[in-house]
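The values are calculated or read from the model by the stated rules, or taken from the named source; none is laboratory data. Treat the numbers as computed from the prediction; the structure is a model and nothing was measured. Backbone-built Cβ (ideal geometry, glycine too); neighbour counts: all protein chains shown.
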Amino acid sequence: MKLLKFVLIALLGLMLLVSCEDSKNDDKDNEVDAWIGTWLSAGADVAPVLATYFLNDSIIVEFKDDNTLTLDTHTIGAGWTASQATYVITKSAEGDIHYFAATYPAFEQEGIIEVIDDVLRLEAVQTVPDIGAVPATVAGGFGQAPFWGAQLIQTYRKVN
């Protein structure tokens, strides 16, 4: 009888342990990717290329968990414009820099993305239609894209 009691208690403990482990895995599976949310880039955070050549002074991007994004861009003297896109982020096996691609109705972009705390950095160039721009790579990191270098780095601050 004591042996049966011991076996039942041991089984109950094992079931609780397995149940807790499954719960931990479920939490990890339900973890929200760091880039999901609304992000603001303004002032010195706007990529120099966008500020200088396109007169952008503020950009708001909302990454949604259904792999769509909304991009609201403010151009000095022209106001706000909104764009919609689908995006793909391929997580890097190591590090915080990941591959990024977005498809807008009229063009496509490729590059890299990184989120650390409440700061998102994005470096992307137009790849379709081809304008000869070469995107940054995960291995190369930020500021390493040929010709433009750090001029393409866009910094965003988390809004929500």
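Of all residues in segment 115-130, count the ones that are surrounded by 12 or more Cβ atoms within 10 Å (Cβ to Cβ) and either over 15 Å from Ala47 (Cα atoms) or not assigned by TED's automatic domain parsing to the domain that holds Asp57 (or both).
Selection size over segment 115-130: 4.
Within the set of pairs 6 or more residues apart or between chains, which connect a residue that is not assigned by TED's automatic domain parsing to the domain that holds Ile97 inside segment 131-154 to a residue that is at pLDDT 90 or above and not small (Gly, Ala, Ser) with Cβ atoms less than 7 Å apart?
That search, which allows pairs on different chains as well, returns nothing.
Looking at (1) small (Gly, Ala, Ser); (2) outside any strand (DSSP E or B); (3) modelled with pLDDT of 95 or more, which one does Ala82 not meet, given that it meets all the others?
The number of the failed condition is (2).
Among all residue pairs at least 6 apart or on different chains, which show Cβ distances below 8 Å where the first residue, located in segment 89-106, is polar (S, T, N, Q) and the second is at pLDDT 95 or above and surrounded by fewer than 16 Cβ atoms within 10 Å (Cβ to Cβ)?
Filtered contacts from segment 89-106: Thr103/Thr86.
When you go through (1) in contact with a Pro (Cβ under 9 Å, 6 or more places away or on another chain); (2) buried (at least 16 other Cβ atoms within 10 Å of the Cβ); (3) at pLDDT 90 or above; (4) not charged (D, E, K, R) one by one for Ala145, which number turns out not to apply?
The failed condition is (3).
So Val49 clears everything in (1) touching a Leu at 6+ places or on another chain (Cβ under 8 Å); (2) exposed (fewer than 12 other Cβ atoms within 10 Å of the Cβ); (3) modelled with pLDDT under 95 except one condition, right? Which one?
Only one criterion is unmet by Val49, namely (2).
Give the residues of segment 40-50 that are within 10 Å of Gln151 (Cα to Cα), touching a strand residue (DSSP E or B) at 6+ places or on another chain (Cβ under 8 Å) and not in a loop (DSSP other than H, G, I, E, B), sorted by residue number. Let's see the steps before the verdict.
Quick first cut of segment 40-50, residues within 10 Å of Gln151 (Cα to Cα) only: 46-50.
Remaining after also requiring touching a strand residue (DSSP E or B) at 6+ places or on another chain (Cβ under 8 Å): 46-47, 50.
Across segment 40-50, the qualifying residue is only Leu50.
Yes/no matrix, rows are residues, columns are (1) of a type in the set (Phe, Trp, Tyr); (2) on the phi < 0 side of the Ramachandran plot:
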position: Trp39; (1), (2): yes, yes
position: Gly43; (1), (2): no, no
position: Val46; (1), (2): no, yes
position: Ala51; (1), (2): no, yes
position: Ile60; (1), (2): no, yes
position: Leu122; (1), (2): no, yes
position: Val125; (1), (2): no, yes
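Out of segment 98-107, which residues are farther than 19 Å from Thr38 by Cα and either surrounded by 11 or more Cβ atoms within 10 Å (Cβ to Cβ) or touching a helix residue (DSSP H, G or I) at 6+ places or on another chain (Cβ under 9 Å) (or both)?
Listed by number, the residues that qualify are Tyr99, Phe107.
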